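The values are calculated or read from the model by the stated rules, or taken from the named source; none is laboratory data. From a predicted model like this one, the values you see are computed outputs, not experimental measurements. Neighbour counts are summed over all protein chains in view; Cβ atoms, including those assigned to glycine, are modelled from backbone coordinates with ideal geometry.
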Amino acid sequence: MKKLKSQFNIKGLGFYFIILIFAFFIFNFLGCAGTVKNDDMSKGQSGLEPQAVLKFSDVPVPSGFKLLAQDSYTFQSAGVRVGVLKYHGKADIEQVVAFYKDQMPLYNWNLLNAIEYGQRLLNFDREQETCIVDLSAKGNNITIIISLGPKSEIKPRKATKPVK
């Protein structure tokens with residue numbers, strides 16, 4: 001009789017072991033589907049992520065946007081960078097505006113002003129450079145034109161005669 005009970009307990013343990021493994025797989029594969037990833041926190045309010053490879057390493061572009069090489073150019077020499085980069089992709093225009101407002105300060109760009117009526121223009125600067133982000137939309141098709149160049153060193157002049 002003792003032998004039968006010990007066999008029964010082993011079979012009972014095997015059953016519980018299979019249930020435990022099954023539950024483990026269910027919780028592992030299905031239980032994490034609703035959790036928030038740490039990467040989602042880096043997206044900011046826009047919900048868009050920056051691309052991994054950038055033409056200018058300090059000017060972010062939302063992931064999924066394609067460079068239109070035939071409409072773009074860059075020049076770099078002796079610490080001077082000039083470029084016009086044109087990208088096309090699909091997103092909500094407000095998300096793209098929020099993306100640049102969130103991401104550019106992470107690359108040490110200061111937002112100077114934003115014009116948000118129809119076509120969006122965001123003007124950024126830092127020590128020696130300016131960057132203009134021009135956003136236009138046709139539905140969810142977004143065109144981004146990034147213009148980067150050195151700051152002008154024009155000294156302000158006083159007017160000789162008052163303007164009438």
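Here is a check on your reading of the model: is Ile132 assigned by TED's automatic domain parsing to the domain that holds Gly89, under 19 Å from Lys90 (Cβ atoms) and surrounded by 12 or more Cβ atoms within 10 Å (Cβ to Cβ)?
Judged against the criteria, Ile132 is not a match.
Given (1) of a type in the set (Lys, Arg); (2) within 16 Å of the chain's Cα centre (by Cα); (3) crowded, with 16+ Cβ neighbours inside 10 Å, identify the lone condition not met by Lys90.
Lys90 satisfies all of (1) of a type in the set (Lys, Arg); (2) within 16 Å of the chain's Cα centre (by Cα); (3) crowded, with 16+ Cβ neighbours inside 10 Å except (3).
For the stretch 78-101, how many residues are part of a loop (DSSP other than H, G, I, E, B) and farther than 19 Å from Lys151 by Cβ?
Looking only at that region, the number is 2.
With respect to the numbered conditions (1) at pLDDT 95 or above; (2) among the aromatic types (Phe, Trp, Tyr); (3) under 14 Å from Ser147 (Cα atoms), which one is the sole condition not fulfilled by Phe75?
So Phe75 meets the others, but not (1).
If you check Phe124 against the conditions, is it aromatic (Phe, Trp, Tyr) and under 19 Å from Gly47 (Cβ atoms)?
So Phe124 fails the test.
Return the only residue of Asn123, Asn113 being within 21 Å of Pro50 (Cβ to Cβ) and not hydroxyl-bearing (Ser, Thr, Tyr).
Sole residue among the options that is within 21 Å of Pro50 (Cβ to Cβ) and not hydroxyl-bearing (Ser, Thr, Tyr): Asn123.
Does Val82 satisfy the criteria of being surrounded by 12 or more Cβ atoms within 10 Å (Cβ to Cβ) and over 16 Å from Asp58 (Cβ atoms)?
Against the criterion (surrounded by 12 or more Cβ atoms within 10 Å (Cβ to Cβ) and over 16 Å from Asp58 (Cβ atoms)), Val82 does not qualify.
Keeping to the stretch 112-129, report how many residues are surrounded by 14 or more Cβ atoms within 10 Å (Cβ to Cβ) and either assigned to a strand (DSSP E or B) or touching an Asp or Glu at 6+ places or on another chain (Cβ under 8 Å) (or both).
Here the count works out to 8.
Can Ile142 be described as within 18 Å of the chain's Cα centre (by Cα), of a type outside the set (Asp, Glu) and modelled with pLDDT of 90 or more?
When the stated conditions are applied, Ile142 passes them.
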